[in-house]
């Protein structure tokens, strides 16, 4: 009996408009149905525009937060997928503009930053930086395969997705997914790959 009630409840949220109306009425769990339904579409658009799987994951999360906060503006005169697609494109364009500004700022200050860093870094600072890098490398060595190898190839050997794929015979999409999961596993241990990112630029 209980399973039948749950099934009937889920059936009521099968169409997008019903889900939106349910969320507006306080049934926030209905939004998860919209996320499940459109997460793949949103991520694919983000990846196509952003070209980086990790950033695409982050922007995808931001898009659904924005969509949730903006549900009051959804009038229902267009399909929910169209409305969500518009938000997705705008968020990706915002990300691209912000990245462009950051690149300009970085280019104008990079030479000065490198010079002042070399001048200001003390022997103790250099030791701590090296120790931090070594600690991250130890955490990478502790990863299970295939995550250990793909992190080593990408961050330490500075190989591209294409090069790793050609050598290992693993699809590029799988390599992107493995890197993303490896980063999450390291983050759970309190380690970040930022210490190795200097190799990637």
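The values are calculated or read from the model by the stated rules, or taken from the named source; none is laboratory data. Treat the numbers as computed from the prediction; the structure is a model and nothing was measured. Here Cβ is always computed from backbone atoms with ideal geometry, including for glycine, and neighbour counts include all displayed protein chains.
In table form, for the structure just shown:
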read-out: Residue 87 vs. criteria buried (at least 16 other Cβ atoms within 10 Å of the Cβ) and at pLDDT 85 or above; value: yes
read-out: Subset of segment 49-74 [farther than 20 Å from residue 181 by Cα and touching a helix residue (DSSP H, G or I) at 6+ places or on another chain (Cβ under 9 Å)]; value: 49, 63, 64, 66, 67, 68, 70, 71, 72, 73, 74
read-out: Condition met for residue 90 (under 22 Å from residue 23 (Cβ atoms) and assigned to a helix (DSSP H, G or I)); value: yes
